[in-house]
Amino acid sequence: MTLGPRANVSGELAKPPFFLYGNVVNITKDAWSEISGFLSGVRPEFINSQLFSALMRREGYLHNLPTERRHVVVPKSPMTIEDAVPSTRHYWPTWDTRKHIGSVTSEVAGIEQLCEMLGKTIKDSRGLLSEEKRAQILHQCKMANLIWIGQDRLGPLQPNQMERILGYPSNHTNLFGLNPPDRIAAMKYAFQTDTIAYLLSVLKDIYPDGLRVLSIYSGVGGAEIALHRLGIPLKCVVSVEESDVNRKILKRWWAKTEQSGVLRQLNGIWKLKTDALEDLFKEFGGFDLVVGGNYSSYRGGTTVNATMGMDSSKYFEYVRVLQRVRSMQHFYK
């Protein structure tokens, strides 16, 4: 399976600690060149998550991981919407050719009214829906992630269905007091775990006894869950995540899966100054993997740099910490 260009990594850059920064936001080629330049010129590897799931999303990864002997994680996540939501097949019209969702949308304003309006349009057509009307309905379905929940009835994807598509455990985001729109919002920039697991799968043979992970902008724990699904023990995870909701989600997953390692949670990357990193190195002996992704709040908000299309300041903080970790690693071998 050829998914993208081989990472241009060699020499010292190819040595541990390994790093991976995943961006699931659609940014320009120039923006990729700019962020690549801050990470030793490593070229991004692009993957479409539809190769692994029912989500069709172009993702880019900057990493120094080996590319040989990758493998998919099993069991696999659903590959189509119908696989993820089997009940919908009874109502899905033949003219709706969608197999994948195109994004993780958290927009809820007016969604009930939209579904009612579309349903009325279909019923009023009495089975004679024009090509133009079909195209309009499909456009709305794609934009709002609507699926067929009854005869001529549409509704939004529910959080547990989105979790299934993204490769997370059932009810992973189901915290007390968190409503469905907020649960979807928490997953807006989350990793699709089958996709990132494919890249991380090479670590299983390299670290059979487990990994020490520094996870920056952990979100709802996509990288941690991917490693767990691969069967790689987590010796320790130092997780940096500002969202209190996301931290609670990860902490609850850690307890539910009875991880034997240590979970250390920090509520801001500003806490990772040199002295704090030195203390972590003394405690854990260093890190084997520094993983990071798009920064966001649990509401799905992100600070966007107009020229880069993503939160560049948070990315630069990731690079700062990574460079410091790699330079310190030589003293803790």
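The values are calculated or read from the model by the stated rules, or taken from the named source; none is laboratory data. Computed from a predicted model, the values in this text were never measured in an experiment. Here Cβ is always computed from backbone atoms with ideal geometry, including for glycine, and neighbour counts include all displayed protein chains.
Assorted remarks:
- For the stretch 79-89, the condition of being more than 13 Å from LEU146 (Cα to Cα), among the hydroxyl-bearing types (Ser, Thr, Tyr) and surrounded by fewer than 18 Cβ atoms within 10 Å (Cβ to Cβ) holds for at least one residue.
- Pick from the stretch 48-63, criterion touching a Lys or Arg at 6+ places or on another chain (Cβ under 8 Å) and surrounded by fewer than 22 Cβ atoms within 10 Å (Cβ to Cβ), ranking: farthest from LEU199 (Cα to Cα): GLN50
- Residue tally, condition of a type in the set (D, E, K, R) and either under 20 Å from TYR318 (Cα atoms) or at pLDDT below 95 (or both), over the stretch 244-260: 2
- Number of residues in the stretch 243-262 that are surrounded by fewer than 18 Cβ atoms within 10 Å (Cβ to Cβ) and not in a helix (DSSP H, G or I): the value is 6.
- Scan of the stretch 102-124 for residues that are in a loop (DSSP other than H, G, I, E, B) and surrounded by 13 or more Cβ atoms within 10 Å (Cβ to Cβ), ordered by number: GLY102, SER103, VAL104, THR105, SER106, GLU107, VAL108
- Contact map, the stretch 89-111: first residue within 13 Å of GLN140 (Cα to Cα), second residue surrounded by 12 or more Cβ atoms within 10 Å (Cβ to Cβ) and charged (D, E, K, R), Cβ cut-off under 6 Å, separation 6 or more or different chains; pairs are GLY102/LYS142.
- Within the stretch 222-236, the presence of a residue that is assigned to a strand (DSSP E or B) and buried (at least 24 other Cβ atoms within 10 Å of the Cβ) is excluded.
- Residues in the stretch 64-76 that are in contact with a Lys or Arg (Cβ under 7 Å, 6 or more places away or on another chain) and either within 26 Å of THR105 (Cβ to Cβ) or not assigned by TED's automatic domain parsing to the domain that holds VAL202 (or both): 1 in all.
- Considering the stretch 261-298, the residues that are at pLDDT below 95 and β-branched (Val, Ile, Thr) include one that is nearest to VAL237 (Cα to Cα), namely ILE269.
- Count - residues of the stretch 274-293 that are touching a Phe, Trp or Tyr at 6+ places or on another chain (Cβ under 7 Å) and in a loop (DSSP other than H, G, I, E, B): 4
- Filtering the stretch 154-189 to residues that are of a type in the set (Gly, Ala, Ser), more than 30 Å from PRO93 (Cα to Cα) and in contact (Cβ under 8 Å) with a residue 24 or more places away in the chain leaves only ALA186.
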